[in-house]
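The values are calculated or read from the model by the stated rules, or taken from the named source; none is laboratory data. All of these numbers come straight from a predicted model, not from anything done at the bench. Positions of Cβ are generated from backbone atoms using ideal geometry, with glycine treated the same way; all protein chains shown enter the neighbour counts. What goes into the accessible areas is simple: the full protein's heavy atoms, side chains included, and nothing from ligands, DNA or RNA. Shrake-Rupley method; radii C 1.70, N 1.55, O 1.52, S 1.80 Å.
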Amino acid sequence: MKQINLLDWREERRERLKKQFAQGAIAGVLVAALAVFGGMKFMDSAIDHQTQRNNMLKAEIKAIDRKIKEIEELERVKANLLARMRIIEELQASRSQTVHFFDEIVNTLPDGVFLTLIRQQGQSTTIEGVAESNGRVSTYMKNLEASEWFAQPRLVVIKTRAGEGGAGRASDFTLQVKNTRRNGDQEEGS
């Protein structure tokens, strides 16, 4: 007897194609899920790596900031020390200036003039004294003008008073004069 296939071959083929499609779809979904999972893992590891690099850079920046602060502090200390050294050098250079100043005051002082006060403020010196006559004050001013240590003598006040017993007329005077020799390198030439 012959066998007769009563099943429809087309329906069997449709069922087989449906199964193949379902298997392909499941395989595609699994591949896509694996790709998404792999991409997520890759991105997570890249983020972790960048976070570690950022943390390392932040630590290095903090260390460099500390070093910069130390350098700034050292530069401030250096500037203070250099300023002190400059002051010491200036004092050393002008050490003999006071001696020369008073020596020049004495050298320019004519006979008959007596000083009662010398006050120095910066570049200006105020001199007060007593002179036997107004001519002696004038001579003293000329001597100061001729000195290399003083310039521009200016008579501020002159008061004439009667001498003891009416024999002479003394004058109280106040002069202002500018100091011209302030640094030590010019001292040796005089």
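Among (1) open to solvent by 100 Å² or more (accessible area, probe 1.4 Å); (2) more than 45 Å from the chain's Cα centre (by Cα), there is one condition E89 misses while meeting the rest; what is its number?
It is condition (2) that E89 fails.
Here's the yes/no breakdown for (1) open to solvent by 80 Å² or more (accessible area, probe 1.4 Å); (2) under 23 Å from R169 (Cα atoms):
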site	(1), (2)
L117	no, yes
Y140	no, yes
E145	yes, no
W149	no, no
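Could you pull out the residue among D48, D103, D44, D65 that is within 30 Å of I127 (Cα to Cα) and either part of a helix (DSSP H, G or I) or in contact (Cβ under 8 Å) with a residue 60 or more places away in the chain (or both)?
Of D48, D103, D44, D65, the one residue that is within 30 Å of I127 (Cα to Cα) and either part of a helix (DSSP H, G or I) or in contact (Cβ under 8 Å) with a residue 60 or more places away in the chain (or both) is D103.
Per-residue answers, yes or no, for (1) in a helix (DSSP H, G or I); (2) surrounded by 10 or more Cβ atoms within 10 Å (Cβ to Cβ):
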| position | (1), (2) |
| --- | --- |
| I4 | no, no |
| E11 | yes, no |
| K19 | yes, yes |
| A25 | yes, yes |
| M40 | yes, yes |
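Looking at segment 39-70, which of its residues are under 36 Å from the mean Cα position of the chain (by Cα) and among the basic types (K, R)? Explain how you work it out, then say what you get.
Applying the first criterion (under 36 Å from the mean Cα position of the chain (by Cα)) to segment 39-70 yields 53-70.
R53, K58, K62, R66, K67, K69, listed by residue number.
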